[in-house]
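S.K.: Provided herewith is a single structure, encoded as structure tokens, for subsequent inquiry.
Readers should treat all values here as calculations from the given coordinates under stated rules, not as data from a laboratory. As the structure is a computational prediction, the values presented were derived from the model and not from experiment. Quick reminder, even Gly has a Cβ in these numbers, built from the backbone with ideal geometry, and neighbours come from all protein chains shown.
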Amino acid sequence: MTIHRGGDWMRRAVVRGLVVLASCLLAACASLIGPRQIEIPLTRLQAGVERRFPVDKRVLDLFDIRLSRPRLTLQAGTDRVALDIDADVAPPFTQQSWRASLGLSGRLSVDPARAALLMSEPRVERFAITGADGISRVDNARQHQFGKVANVLMEKVIKDVPVYSFRMEELRYAGVQFVPTRITATADALVVTVEPLR
């Protein structure tokens, strides 16, 4: 009877030792896997941004704005993207409306909690307003108001817009979890460097 218990104890000790050894081997393998790069083509980025539009907002209780037709471009060699958006602008209680074209750029950043690439620090690069007939008939005072509207839009709608959300399998390789650490734009893709989570 005593010999049998000793064998159970020995068997448990061996199994525990094997589990610890396997864990150490997996941890060692994870440390051997270095950074890798994920290339995300512009077409996939564009499709992801288009899913978030159109956007309807009332800004400063003065204007109803509909943002549509986003067009994303990459600024090669940087961590910035540009976004052109069409906007329909109308005061809520009048029949008058304007068409606008809004050009923005933003720095790409990583949000680990959402596993996403975001457009941060947006800035208005261009804001052009035309009447319904396509001819600019906006006076300077109204143009100034629209400039304020564009800045509010950036803060409420565009800031931290997910440009791309990672699928979990993109951030996992050989049983190791990866996190994005660097973003670079080429003319037709984003190249995201990912490193093993430590």
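S.K.: Name the long-range amide H neighbours of residue 127: under 5 Å, sequence gap of 5 or more, or other chain; modelled H, no Pro or chain starts.
M.R.: 103
S.K.: Could you list which residues have their amide H under 5 Å from that of residue 116, counting only those 5 or more apart in sequence or on another chain, with H placed in the peptide plane?
M.R.: Those lying under 5 Å, H to H, from residue 116 are 111, 166.
S.K.: Could you go through the range 50-58 in sequence order and give the Karplus-derived ³J(HN,Hα) for each residue, using 6.51 cos²θ - 1.76 cosθ + 1.60 with θ = phi - 60°, rounded to whole Hz, and x for Gly and Pro?
M.R.: Running phi through 6.51 cos²θ - 1.76 cosθ + 1.60 with θ = phi - 60° gives 4, 5, 8, 10, x, 10, 10, 9, 9 Hz.
S.K.: Which net charge results when you count Lys and Arg as +1 and Asp and Glu as -1 among the other residues whose beta-carbon is under 14 Å from that of residue 41?
M.R.: Values: positive: 44; negative: 39, 170, 188.
Around residue 41, the charge tally is -2.
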